[in-house]
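Written out below as structure tokens is the structure these notes cover.
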Amino acid sequence: MDQPTSSVVAEPKPQPEARAPQPPPHPDSEARYQRRAAFFGNPRTKWGLILGGLLILVALFFLWRYLGSYEATDDAQIDGHVNSVSARVGGHVLKLNVQDNQYVEKGAVLVEIDPADYEVAVAQARAEYADAQAQAAAAGINVPMMNVSTSSQVSGAQAGVSSAQAGIAAARQQFAMAKSQVVEAEANNTKAQNDLLRYKQLIDKQEISQQQYDQAVASSQAAAATLQAARASADAFEEQIKQAQSKLQQAGADLRTADTAPQMMQATRARALSAQANADRKKAQLDQAELNLQYTKVIAPVSGAVSNRTVEVGQNVQPGQELMLVIPLGEADLWVTADFKETQLKYIKPGQAAEIAVDATGKTYKGHVDSIAGASGSRFSLLPPENATGNYVKVVQRIPVKIVFDKGETRGHELSPGMSVVPKVWIK
């Protein structure tokens, strides 16, 4: 049984959209296209483009190398010493020898203060020093005189003691002899008196002659006189012993007095030293007065330019009062303080060459890195930052770098502290 055939209806094909009519190409555009095609299709053009690209790459490479061979910053300025000139003595300003911004040499007289009072002080100090010198000279002369005197006193006292001791010994010896003579005289007198008593009894009995009796009387009288003389001599020698003992006591006292000579010499030397010390003190006062007189002329401590002058003629200044500033402009007195970012310090080292472009002069000066500060600039501020907080934000810090000028670069004295500069440090 034949199956019914299905009829397939063919879908109509989509018709292409009708294109808008294109305008004919412009003759100039066609010519440019042909010239471009001819240019890029030329082999010489291709090689030229390749060579140009290579030259650009080489230039970029060398530019990259050049930009990486140095570190620079515009946060830099010239620094230098600032010498304050102040008065060392007070007084009335008589003369002013400089003006603002004037260049002065070291030792030049800047200000003159009235010296009248200080001249009077010098004259008074000189007179007091002369008087002290005279007193010291007199005290010094007493020392050798005292030495000779005390030496003679000691020798005389020792001789007196020896003489007194010898006198006592001699007097005692003579006293002993006199005592023995007294004993002998007493014995003779006793015998003579006894004989006289016997002769008296015999003459009463007329057993002896009157002549014998008279002889006995004379002998007894002579013996009594001899005894009396011996006793007087003994008493005299005893008195001599007492006198010699008194002399010995006096000589001992003199010797003890003479023994105090070293202490007296020390006292005399001490007075002489005190007088000399007083003279030295007066000499120091004279030197100070002369220095004060010299200080009435205020001189420049260094060579440089005068700045910030505050003193005027007729002004009464006090010791320590600042009168002006002197800015030295020598080679050793100026340097550059460059605040480099901490990220720039990786390759910066002391001794590296540098170029310093100065805005004020429009010149470039040569120098080299001297040193790198031990801390960032913020650590030297009055209130250093405190980062121990919860809202910390990292900020690139700047580290001061000291750059000094090479010898002869600043001989013209055209640079001054505070000028803005752009240093360039060569790290490669």
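Using the structure shown, list the pairs from K341/K407; K106/K283; K366/K394; K394/K428; K106/K363; K346/K402 with a Cα-Cα distance above 23 Å, or answer none.
Cα-Cα > 23 Å for K341/K407; K106/K283; K366/K394; K394/K428; K106/K363; rest within.
For region 74-90, backbone nitrogen atoms closer than 15 Å to the point 7 Å from T310 Cα along Cα-to-C-beta are found at 83-88. Applied to region 316-321, the Karplus parametrisation 6.51 cos²θ - 1.76 cosθ + 1.60 on θ = phi - 60° returns per-residue 3J(HN,Hα) values of 9, 9, 10, x, x, 6 Hz, with x for Gly and Pro. Here the Karplus relation 6.51 cos²θ - 1.76 cosθ + 1.60, evaluated at θ = phi - 60°, turns the backbone of region 165-181 into coupling constants of 5, 5, x, 5, 5, 5, 5, 5, 5, 5, 5, 5, 5, 5, 5, 5, 5 Hz, with x for every Gly and Pro.
Annotation: amide H-H contacts under 5 Å for S86 (H modelled 1.01 Å from N, sequence separation of 5 or more, or interchain): L323. Whole-Hz Karplus values for region 405-421 come out as 7, 5, 4, x, 6, 10, 5, x, 6, 9, 9, 9, x, x, 5, 7, 9 Hz, taken residue by residue from phi with 6.51 cos²θ - 1.76 cosθ + 1.60 and θ = phi - 60°; glycine and proline positions read x. Near K363, the amide H atoms lying under 5 Å from its own belong to V358; only residues 5 or more places off or on other chains count, and H is placed 1.01 Å from N. Partners of K191 within straight-line reach, counting lysines whose Cα lies under 16 Å from its Cα and excluding those fewer than 8 residues away in the same chain: K200. Could you check the spin-label model distance between K394 and W426? Points 7 Å from the Cα along Cα→Cβ, value in nm. Inter-label distance under the simple model: 3.3 nm. Taking amide hydrogens as placed 1.01 Å from N in the peptide plane, the amide H of M419 sits under 5 Å from those of I78, each at least 5 positions away in sequence or on another chain.
Once the C-beta distance of A225 and A176 is scaled by a Förster radius of 30 Å, the resulting FRET efficiency is 0.85 to the nearest 0.05.
If R0 equals 22 Å, the separation of the Cβ atoms of E342 and S69 corresponds to a calculated FRET efficiency of about 0.65. Take the Cβ atoms of A108 and I372, set R0 to 45 Å, and the FRET efficiency comes out at 0.75. In region 118-139, whose amide N lies under 19 Å from the spot 7 Å out along Cα-to-Cβ of K283? List them in ranges. What the label zone holds, given the 19 Å backbone N cut-off, is 122-139.
Read the figures in this text as sums done on the coordinates, not as results from a lab. Worth saying up front: this structure is predicted, and the values here are computed from it rather than measured. Positions of Cβ are generated from backbone atoms using ideal geometry, with glycine treated the same way; all protein chains shown enter the neighbour counts.
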